[in-house]
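For reference, the structure is listed below as structure tokens.
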Amino acid sequence: MSKKESEKKLSFQTRAVHEGNAIDSETGAIQHPITMANSYVLPYDPTDVNWSSASGNIYTRNGGANQKYLQEKIASLEGGEDCVVLASGVAALSGLFFALLESGDHVIFSSVTYIAVYRLLNELFNHKFKVETTIVDTSDIEAVRAAIRPNTKLIHIETPGNPTLGITDISALAELAHENNILLSVDNTFASPYNQRPIELGADFTVESLTKYINGHGDAMGGAIIGKTEYLDIIRAQSQVNLGATISPFNAWLIMRGSVTLPLRMKQHNENALKIAQWLEQQPGVSFVAYPGLESSKGHEIAKKQMSNGFGGVLSFGLKADHETHNQFVSKLNIITSAVSLGHDGTLIVFIGENDERQYLYPEEFHNGFFRLSVGLEDTQDLIDDLENALNQIGL
């Protein structure tokens, strides 16, 4: 049995600990050290070296040791053939689009996605590079089918979607895409590979913001694209080497360290978020709660089918209150921190107001402003008590 076949038989939790790691041959250390080098020794005759190659250690913009260790781990956790790790989640998204798309291509993308995707596809690629784009509610497979054109090259989705937590059926969309010779990419950041592995569900690419759950400690940035080597080699050459969005050795090492506890952390994120969503749903001052783990969620049945271990740590909710009262609510929280990002060990909340430019794409209940809550690893009851205390102080 090959090493690769042996690794596939190991559980997710064991691979999270061991994949990408080895004993350091020079020191005997049982963890790979941080290799803080920007250059590597050249062969005796360097005249035949391809200075833009990402296949060997030449220059850290082309790829470094810690990046490669992390790529091995992420590919394994996602169930993919290969992985490219870049400097941030947005670097991964833009790197994927830049390498795959050409003028005249058409892209369909989810109506609810990370703001950078909206910017990249709805504005920058469209206006600068003449890539045609169509925004679709990808939870509606027939709407996606109707949007397909002869020049459609890529369908990009995010499930659960940021920030409305909408769910798209990955398997059904993969089948539709491949029937029409279209590639499918899935932003898996809200779920993490612990809960959902899009490539195993038929997607061509998974994109992760490693900054979030896979790192898990709010102290490093990175992004990953997972897929087949034939495509990732193009991404390495075009988007990594020539655009230069390479991850630093230290960030790669930090994310590698954080990823070891991903399974343990996600269990707690999943458990906390579900209990808090259920509690919020019962509060008279709460106008709505969006979380795929709730039976009342529109996408609950599909989420149960494709999210194997839980529904993630992010939820959104609104209050039966005006704009100022939403801000007062946040000011009364003691444990929960008002900050962007998600997937941290601590719970974070952000108020998204009525003037959000993408409000027209959100379900109606989101139109009066809402909170995105990234539930952390604290004791569940402490978090509920914090929310309840804030609601009481604002009279809800």
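Tell me which residues, restricted to segment 11-59, are more than 22 Å from Ser248 (Cα to Cα), under 24 Å from the mean Cα position of the chain (by Cα) and assigned to a loop (DSSP other than H, G, I, E, B). Matches in segment 11-59: Ser11 only. Just to verify a result, which residue in segment 362-387, among those that are of a type in the set (Phe, Trp, Tyr) and modelled with pLDDT of 95 or more, is surrounded by the most Cβ atoms within 10 Å (Cβ to Cβ)? Result: Phe370. Selection of segment 56-97 for residues being within 23 Å of Leu10 (Cα to Cα) and aromatic (Phe, Trp, Tyr) yields only Tyr69.
Counting only residues that are in a helix (DSSP H, G or I) and either closer than 27 Å to Ser374 by Cβ or aliphatic (A, V, I, L, M) (or both), how many does segment 233-267 have? Step through it out loud before you land on a result.
Applying the first criterion (in a helix (DSSP H, G or I)) to segment 233-267 yields 233-241, 249-259, 262-267.
This time we only want the ones that are either closer than 27 Å to Ser374 by Cβ or aliphatic (A, V, I, L, M) (or both), so: 234-235, 237, 241, 250-259, 262-267.
Summing the residues that are in a helix (DSSP H, G or I) and either closer than 27 Å to Ser374 by Cβ or aliphatic (A, V, I, L, M) (or both) in segment 233-267 gives 20.
Applying the selection to segment 98-110, what residues are in contact with an Asp or Glu (Cβ under 8 Å, 6 or more places away or on another chain) and surrounded by fewer than 22 Cβ atoms within 10 Å (Cβ to Cβ)? Steps first, answer last, please.
We begin by selecting, within segment 98-110, every residue in contact with an Asp or Glu (Cβ under 8 Å, 6 or more places away or on another chain); these are 104-107, 110.
Within segment 98-110, Gly104, Asp105, His106 qualify.
Does any residue of segment 174-185 turn out to be among the charged types (D, E, K, R) and either more than 21 Å from Ser297 (Cα to Cα) or in a helix (DSSP H, G or I) (or both)? Step through it out loud before you land on a result.
First, pick out the residues of segment 174-185 that are among the charged types (D, E, K, R): 175, 179.
Within this subset, residues satisfying the condition of being either more than 21 Å from Ser297 (Cα to Cα) or in a helix (DSSP H, G or I) (or both) are 175, 179.
Yes; the residues of segment 174-185 include at least one that is among the charged types (D, E, K, R) and either more than 21 Å from Ser297 (Cα to Cα) or in a helix (DSSP H, G or I) (or both).
Against the test of being over 21 Å from the mean Cα position of the chain (by Cα), surrounded by 16 or more Cβ atoms within 10 Å (Cβ to Cβ) and in contact (Cβ under 8 Å) with a residue 60 or more places away in the chain, the options Gly64, Gly95, Gly80 yield a single qualifying residue, Gly64. For segment 229-241, the condition holds for no residue, the condition being that it is without any contact (Cβ under 8 Å) to a residue 60 or more places away in the chain, more than 18 Å from Ala54 (Cβ to Cβ) and not hydrophobic (A, V, I, L, M, F, W, C). Screening segment 60-170 for helices (runs of 4 or more DSSP H) wholly inside it with 3 or more residues that are in the same structural domain as Val207 (by TED's automatic domain parsing) and modelled with pLDDT of 95 or more returns the ranges 65-78, 89-100, 141-147. Annotation note: Cβ proximity below 6 Å between a residue of segment 282-304 that is assigned by TED's automatic domain parsing to the domain that holds Pro363 and a residue that is surrounded by fewer than 21 Cβ atoms within 10 Å (Cβ to Cβ) and among the charged types (D, E, K, R) (sequence gap 6+ or interchain) occurs for Gly285/Lys320; Ser287/Lys320; Phe288/Glu365; Val289/Glu281.
The values are calculated or read from the model by the stated rules, or taken from the named source; none is laboratory data. Values in this document were obtained by computation on a predicted structure and should not be read as measured data. Note that we place each Cβ from the backbone using ideal geometry, even for glycine, and neighbour counts take in every protein chain shown.
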